[in-house]
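Novice: Got a structure for you, written out below as structure tokens; questions coming shortly.
The values are calculated or read from the model by the stated rules, or taken from the named source; none is laboratory data. This is a predicted model, so every value here is computed, not measured. Every residue, glycine among them, receives a Cβ derived from its backbone with ideal geometry; neighbour counts consider all protein chains shown.
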Amino acid sequence: MGLPTLDQADFWKTKSAQVIVYTNTKQLKQFVNGQTLEKLVSHLAKKNQLSESNDPIKEGLLADSKTVQHVYCLYCDETGRDIYRNIAANLARKARKSQQHDLAITLAIPSLDESMTTIIIQQLYEGFYLGDYQYQGYQTMVPKKEKHNTKLSFYGIKNKEITSAIKKGTILAKAQNMARDLANTPANYLTPKEFVSIAKKQCRNSALSIKVYDKKAAQKKKMGSFLAVAQGSVQAPYMLELTLNASKKSPIILVGKGVTFDTGGISLKPSRSMSCMKGDMGGAAAVYAAMVALAQLKTKHHVKAIIPLVENMPSAMAYKPGDVITAMNKKTIEVINTDAEGRLILADALCLATTYKPKLIIDIATLTGACAVTLGDVANAVLGNSQTAINAFLNRQDEVGERLWQLPLYDDYVDYLKSSVADMTNCAENRLAGTSTAAMFLKQFVDTSTWVHIDIASTMENKTTKGYHVKGMNGSGTRTLIEAILATP
Ligand SMILES: [Zn+2]
């Protein structure tokens, strides 16, 4: 594909601030050759501002008799990881600071083939809207934040591929922002019931259909493991089921852990940083947001989401260490630690998933602290019972920008879950291989289904803002799930 032409007359007509992405100063100069922009670029070049070691975002003003144009030149070092997402995120925040809310982007990278161009454009759009994210919160004394009102349009020739890359990048970013909003919402606002009512509202204007199992329906289905976790809370539990493109074909099923607040239950967590446990429904948020995005992207696949929603509280009614509970598949579980609750609600969600004879189950959960101990906050763990299915995730991770690292699922871990009173315990008393033993527990409930498990406890929260990672709950896994479905043949 050739370089998009920059039409001088159009350039002055648009009210948008102009953004030019380049990877090479010489090419940038060629790109603007003979155009109004040339003045700015040569001015920046003279001041040595375009030198590639400087701040990669250059901001400048161009003026004629009537208009003043804001111009950004974005230098992208092509060798960096996630470079386009990160620079677009930094641009979004820089533009917000300069009160520029309407931007038009163009690529001054001549040597790109079409597929690379669409990938870059998708990543620029993802990064831009992810970087622009601000959680609204409940502060009454500060001015209201401008919520996602910055607009990025594409300046240049728009063919079908570019148009769909723009759409996809925007939808993926906004889906992750939706997951961030859900996870950032305090647990007294986002209860299981509230999650359900948000989903119901969404389904009214979408191709998604919804089915809700309340406590009674869950009792009928004998979801004893799921219900045990919920019994200590005054908040009623719900098992949420969303369906897209219902058909006789085997569905792909997404399962997301939705503990709207996790105190640990009777095995109470220490109070330090317990407040971040409002985000213990990050898996549920990612699954829900992915379904909304898949409907918007009009995927043809038959996809289901199963989202168990509970609050884990200590009370006179709460389940206790030593209790034995029975899951939907009749397997019995001895509760060793009530803080290993995520896998208990997932157990019944996975049992429900298997009743639909799925071709693939993907579950995602803020499941184990051990995941962060193993990988830090820069990667998620992936495990499962099919190396082919896991490989597909590993092969996509660079393009998605969400790192995955495979951890083992050795049969030996079953021994760590041995109980003398039930079929298994809910966690290993030896505290070894926490992420793998949690996955081994889940494996007992997927029957013969092909299954991939993603532990996002490591990346659920950003402590600081850096590139497209914005401080607060991260919405991680959302894009991994969407891309997984879209890539399915
Ligand atoms: Zn827990």
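Novice: Only one of (1) more than 23 Å from residue 361 (Cβ to Cβ); (2) under 27 Å from the mean Cα position of the chain (by Cα); (3) surrounded by fewer than 19 Cβ atoms within 10 Å (Cβ to Cβ) fails for residue 470. Which number is that?
Specialist: Looking at each condition in turn, residue 470 falls short on (3).
Novice: Let me ask you something else. Quick check on region 389-412: of everything there that is touching a residue at least 24 places away in the same chain (Cβ under 8 Å) and more than 20 Å from the chain's Cα centre (by Cα), which residue is nearest to residue 359 (Cα to Cα)?
Specialist: 409
Novice: Please state which one of 317, 313 is surrounded by fewer than 17 Cβ atoms within 10 Å (Cβ to Cβ) and either in the same structural domain as residue 269 (by TED's automatic domain parsing) or not basic (Lys, Arg) (or both).
Specialist: Being surrounded by fewer than 17 Cβ atoms within 10 Å (Cβ to Cβ) and either in the same structural domain as residue 269 (by TED's automatic domain parsing) or not basic (Lys, Arg) (or both) holds for just one of 317, 313, which is 317.
Novice: Would you pick out the residues in region 324-354 that are within 16 Å of the ligand (Cβ to nearest atom), over 30 Å from residue 488 (Cα atoms) and not charged (D, E, K, R)?
Specialist: Within region 324-354, 325, 333, 335, 336, 337, 338, 340 qualify.
Novice: Considering only residues of region 255-279 that are assigned to a loop (DSSP other than H, G, I, E, B), more than 12 Å from the ligand (Cβ to nearest atom) and among the polar types (S, T, N, Q), which is farthest from residue 462 (Cα to Cα)?
Specialist: In this case the residue turns out to be 271.
Novice: Okay, next question. Mind telling me which of the residues 437, 368, 425 ends up being within 16 Å of the ligand (Cβ to nearest atom) and either free of Cβ contacts under 8 Å to residues at least 60 places away in the same chain or touching a Phe, Trp or Tyr at 6+ places or on another chain (Cβ under 7 Å) (or both)?
Specialist: Within the list 437, 368, 425, the selection yields 437.
Novice: So residue 225 ticks every box in (1) within 16 Å of the ligand (Cβ to nearest atom); (2) under 15 Å from residue 344 (Cβ atoms); (3) out of contact with any Ser or Thr (no Cβ under 9 Å at 6 or more places or on another chain) but one. Which box is left unticked?
Specialist: Only one criterion in (1) within 16 Å of the ligand (Cβ to nearest atom); (2) under 15 Å from residue 344 (Cβ atoms); (3) out of contact with any Ser or Thr (no Cβ under 9 Å at 6 or more places or on another chain) is unmet by residue 225, namely (3).
Novice: Go through region 70-82 and give me each residue that's in contact with a Gly (Cβ under 9 Å, 6 or more places away or on another chain) and either buried (at least 17 other Cβ atoms within 10 Å of the Cβ) or closer than 20 Å to residue 26 by Cα (or both). I'd like the intermediate steps shown before the answer.
Specialist: Residues of region 70-82 that are in contact with a Gly (Cβ under 9 Å, 6 or more places away or on another chain), as a first pass: 70-73, 81-82.
Matches in region 70-82: 70, 71, 72, 73, 82.
Novice: Restricted to region 147-193, and to residues that are part of a helix (DSSP H, G or I), touching a strand residue (DSSP E or B) at 6+ places or on another chain (Cβ under 8 Å) and among the charged types (D, E, K, R), which residue is surrounded by the fewest Cβ atoms within 10 Å (Cβ to Cβ)?
Specialist: 193
Novice: So which residues in region 280-323 are among the small types (Gly, Ala, Ser) and either within 12 Å of the ligand (Cβ to nearest atom) or not in a helix (DSSP H, G or I) (or both), if there are any at all?
Specialist: We begin by selecting, within region 280-323, every residue among the small types (Gly, Ala, Ser); these are 282-286, 289-290, 293, 295, 305, 315-316, 318, 322.
Residues satisfying the conditions are 305, 315, 316, 318, 322.
Novice: Can you name every residue in region 214-251 that is buried (at least 23 other Cβ atoms within 10 Å of the Cβ) and part of a strand (DSSP E or B)?
Specialist: 238, 239, 240, 242, 244
Novice: Which of the residues that make up region 109-120 are of a type outside the set (S, T, N, Q) and at pLDDT 85 or above?
Specialist: Those that are of a type outside the set (S, T, N, Q) and at pLDDT 85 or above: 116, 119, 120.
Novice: Further question: Could you tell me how many of the residues in region 240-279 are under 18 Å from residue 366 (Cβ atoms) and touching a Leu at 6+ places or on another chain (Cβ under 7 Å)?
Specialist: 6
Novice: Something else now. Enumerate the pairs (first residue in region 333-346 and within 14 Å of residue 367 (Cα to Cα); second residue anywhere and among the basic types (Lys, Arg)) with beta-carbon separation below 6 Å, excluding pairs fewer than 6 apart on the same chain, so at least 6 apart or on different chains.
Specialist: 342/257; 346/257
Novice: Also, quick follow-up: For residues that are under 20 Å from residue 458 (Cα atoms) and aromatic (Phe, Trp, Tyr), tally how many sit in region 371-425.
Specialist: 2
Novice: Condition check: out of contact with any Lys or Arg (no Cβ under 7 Å at 6 or more places or on another chain), at pLDDT 95 or above, outside any helix (DSSP H, G or I) and among the β-branched types (Val, Ile, Thr). Does residue 196 satisfy that? Before you say what the answer is, go through the steps one by one.
Specialist: Working: out of contact with any Lys or Arg (no Cβ under 7 Å at 6 or more places or on another chain): yes; at pLDDT 95 or above: yes; outside any helix (DSSP H, G or I): no; among the β-branched types (Val, Ile, Thr): yes.
For residue 196, the condition - out of contact with any Lys or Arg (no Cβ under 7 Å at 6 or more places or on another chain), at pLDDT 95 or above, outside any helix (DSSP H, G or I) and among the β-branched types (Val, Ile, Thr) - is not met.
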